[in-house]
Every structure is written in C-alpha cells, then in structure tokens.
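Everything below concerns the one structure shown next.
The values are calculated or read from the model by the stated rules, or taken from the named source; none is laboratory data. If you're wondering where the values come from, they're calculated on a predicted model, not measured in any experiment. Cβ atoms come from the backbone with ideal geometry, glycine included; neighbour counts cover every protein chain shown. When the accessible area is computed, the model is the full protein with side chains, heavy atoms only, and any ligands, DNA or RNA have been set aside. Shrake-Rupley method; radii C 1.70, N 1.55, O 1.52, S 1.80 Å.
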Amino acid sequence: MKKVVYCVKSLDPSKPRIKVMSYNFLVYHHATINSFPWATGDMLWFDRRSKMILNEIRTSSPDILCCQEVDKHETYVKGLTALGYKVVYYPKPDGTGEGGIVAFKNDNFDLIEQHYLSMNDGTTNKDYQRNHIATICIIRNKQYDYILCVTNTHLFYLGSRDDIRTFQAAYLLHKLTEIKDRLGNIDGFIIGADLNAYPTSNCLKFLMSGESNAGNIYRGNNVETLKEIVKPYTNSLAFTSAYEQYHVMNAGGKWADGLTVDQRASRHLR
C-alpha cells in the first residue's frame, strides 16, 4: 500500500475530506523484463498486475481516481464499475490502445460534464504535438452539493523537453480557465496526473504560480518558440501540490533530505 499524503491546504475545512488517488498503471508494452530487470515475468503479466491494481484501489478506496497509461481499458472499466465507481475513459489519438481514466464513487458524486482534451489541438507546431490528452470531469457531491472539476493527464516524458511539458500545462490551464469562466460555480479544481516533472521544473512552477502566461516563467531551451505558442492562452488558476512538503529543494539543488536530483533518481533505479 502507498502512504496517504494530505494536502497542506484545504479549500474549506468545514467540508469533509475527500481521498484522491493518482495511479500510473504502466502500459503493457513498457512492462517488460528489459525495463524492470528486478521483476519476475509473472509479476509483469497483465492479468496479474491488473488484479493487483484493482485490489489496491479497493483497499485504498479513494473517492476520486485518476489513472494514466491505461491499456486494455475494458478490464479496468469493468473492475472499477464493480467497485462502485463511475468511470470516464478516453484513448490517446495515436491508436496505441492507451488512454486515461477519471473515476469517482457513484454513491458520492453525480457527473455533470465530461470533456476530452487533445494537447495536439493546442498548437500547429508538430514538434509539440506528442499525442497527449487530458480527461476532464465536472462532478457534484450528492450530500454537500459542492462542484469539482477533476482532471487527469500524463505529460511528456523526456527530461530535456520541459518546454513541451510547460506548453501542455499552459494549454490545459487555458482550457480549465475557459470551463471556470463558463460555469462560474466550481468550488474546487483537482489535477491528478503523472507530470514527469521535477519540483524545480518550469512546468510545475507554472501550475502552482497563478501566472497568466507560461512564457513569463519558462527559462531554458526553445524559449522563443514556447512563448509564441502559449501567447494566446489565458490562465486564472493556481494549484497547490499535495506533495509540497516533499518538494523543498535548497539553492544547492538538494532535496530536504539532502539528496541531489541525480542521487534520488539513482536510489529509485536500484
């Protein structure tokens, strides 16, 4: 079981807490011995992994669930439905059979709206079109009548291309701002995601800053290209990380526990 991490800030302490789980399922074509040499073959088999994943979700019992790298989605839709969840799934546009899920407990929430967002639609620059998506659901709590906008996404993986992730974050916040302006009565926004980003990245800084334009924050390669792409976007949202207490790095590039980025990555790879 994973440790539960509590958000350091609450929208309204008078309302009951909700548990949100973000879970990268690991798409089948990455679940190989070459990628995970310390794992036995049977541990990587889809049938076994999918049962273990669903069991972990059952045991943790989150109110809201955001899942990335979902393949053979029928298995998960069936399993999550049996656990009492309403499931919204959208595939990536590249035909790989991989997609993302937002799920929430039927007993607790009603679905108001659902939206599919292709990051490719955010630019005509082919270098920034990487077939990434976001699944967005507007849900209402049945007991307390508050409304949440829940988003699941998985941003570009390549460490050297934080400009692509920053573009994707900017486009996502632009579309969420449009939803906020249109509906006007959303009590809270939640993003459950695999951001593929370090705490010091431009992408994460933008998500948490409330800046109206990612071009004001981005520093690195391809600055002018990114600024041109994100120029039309608007943003009126700033997010707090549930993992904020683990994101503190000092001026020397070390985490609060004294490890550098490379040392931490090395430890996780062992």
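Looking only at region 70-80, filter to residues that are among the aliphatic types (A, V, I, L, M) and more than 18 Å from I191 (Cα to Cα); which one of those is surrounded by the most Cβ atoms within 10 Å (Cβ to Cβ)?
Initial filter on region 70-80 (among the aliphatic types (A, V, I, L, M)): 70, 77, 80.
Adding the requirement that they be more than 18 Å from I191 (Cα to Cα) leaves 77, 80.
Numbers: V77: 17, L80: 22.
Ranking the qualifying residues of region 70-80, first place goes to L80.
So L83 clears everything in (1) under 15 Å from V27 (Cα atoms); (2) touching a helix residue (DSSP H, G or I) at 6+ places or on another chain (Cβ under 6 Å); (3) open to solvent by 50 Å² or more (accessible area, probe 1.4 Å) except one condition, right? Which one?
Among (1) under 15 Å from V27 (Cα atoms); (2) touching a helix residue (DSSP H, G or I) at 6+ places or on another chain (Cβ under 6 Å); (3) open to solvent by 50 Å² or more (accessible area, probe 1.4 Å), L83 violates only (1).
Considering (1) touching a residue at least 40 places away in the same chain (Cβ under 8 Å); (2) touching a helix residue (DSSP H, G or I) at 6+ places or on another chain (Cβ under 9 Å); (3) polar (S, T, N, Q); (4) open to solvent by less than 40 Å² (accessible area, probe 1.4 Å), say which one T96 fails and leave the rest.
(4)
Of the residues that sit in region 37-69 and are without any contact (Cβ under 8 Å) to a residue 12 or more places away in the chain and acidic (D, E), which one is most open to solvent (accessible area, probe 1.4 Å)?
Looking at the filtered set, the residue picked out is D47.
Only one of F206, F189 is within 19 Å of the chain's Cα centre (by Cα), open to solvent by 20 Å² or more (accessible area, probe 1.4 Å) and aromatic (F, W, Y). Can you tell me which?
Numbers: F206 fails: open to solvent by 20 Å² or more (accessible area, probe 1.4 Å).
After ruling out the rest, the residue left standing is F189.
Please verify whether region 138-154 includes one or more residues that are closer than 26 Å to N55 by Cβ, outside any loop (DSSP other than H, G, I, E, B), of a type in the set (D, E, K, R) and open to solvent by 70 Å² or more (accessible area, probe 1.4 Å).
Checked region 138-154: no residue is closer than 26 Å to N55 by Cβ, outside any loop (DSSP other than H, G, I, E, B), of a type in the set (D, E, K, R) and open to solvent by 70 Å² or more (accessible area, probe 1.4 Å).
Which numbered condition trips up D181, out of (1) farther than 22 Å from S236 by Cβ; (2) open to solvent by 20 Å² or more (accessible area, probe 1.4 Å); (3) in a helix (DSSP H, G or I)?
With (1) farther than 22 Å from S236 by Cβ; (2) open to solvent by 20 Å² or more (accessible area, probe 1.4 Å); (3) in a helix (DSSP H, G or I) applied to D181, the lone miss is (1).
Do any residues in region 126-149 that are free of Cβ contacts under 8 Å to residues at least 12 places away in the same chain have Cβ atoms under 6 Å from those of residues that are outside any strand (DSSP E or B) and surrounded by fewer than 22 Cβ atoms within 10 Å (Cβ to Cβ), where the two are at least six apart or on different chains, and which pairs are they?
Filtered contacts from region 126-149: Q129/N120.
Within region 201-240, which residues are in contact with a helix residue (DSSP H, G or I) (Cβ under 8 Å, 6 or more places away or on another chain), more than 26 Å from K126 (Cβ to Cβ) and free of Cβ contacts under 8 Å to residues at least 60 places away in the same chain?
S236, A238, F239, listed by residue number.
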